[in-house]
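The structure appears right after this line, and notes come after that.
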Amino acid sequence: MVPAWFFDNPYLKRLLTVNVHQNIEWFNKEGWERLIRAYCVQAQLRLSQDEMGDSGSFRILLERARHLIASGEQSGYQLARLRELLGDKSGVKPKGPKAE
């Protein structure tokens, strides 16, 4: 669902106030919920006029937000566990410049 590189983003880590205690990266619950709200807002803004009137689109967005919140709770707010829960299971690596 979420590509692995997403969790290495320094801006994300700052937003989630990631800290290390006993060699475990922990993240902030409030920061996680703030990130999910921002995701919901940007998703809502991207909806077309037809989708805005479709309650199914809103339900899908709500389900995704609930899944993300539950994943944060299930991870115990440990970044590595969250990465496992939300990890990209497709096995497809992002395209980019080839290393020579």
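Values for this structure:
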read-out: Sequence-distant residues sharing a close amide H with Glu25 (under 5 Å, placed H); value: Leu79, Ala80
read-out: Rounded FRET efficiency, nearest 0.05, which uses the C-beta distance separating Leu61 from Asn23 and R0 of 35 Å; value: 0.45
read-out: Accessible surface of region 1-71 [probe 1.4 Å, protein heavy atoms]: carbon and sulfur percent; value: 57 percent
read-out: Area accessible to solvent at Lys13, 1.4 Å probe radius, in Å²; value: 50 Å²
read-out: ³J(HN,Hα), Karplus 6.51/-1.76/1.60, whole Hz, each residue of region 23-30, x for Gly, Pro; value: 6, 10, 7, 10, 10, 8, 4, 5
read-out: FRET efficiency, Tyr11 to Tyr39 (Cβ-Cβ, R0 22 Å, nearest 0.05); value: 0.95
read-out: Stretchable slack from Ser48 to Glu30, in nm (0.36 nm times residue separation minus alpha-carbon distance); value: 3.5 nm
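The values are calculated or read from the model by the stated rules, or taken from the named source; none is laboratory data. Keep in mind it's a predicted model, so treat the numbers as computed, not measured. Neighbour counts run over all protein chains shown; Cβ positions are idealised from the backbone, glycine included. Surface accessibility is based on the protein's heavy atoms, side chains included, excluding ligands, DNA and RNA. Shrake-Rupley method; radii C 1.70, N 1.55, O 1.52, S 1.80 Å.
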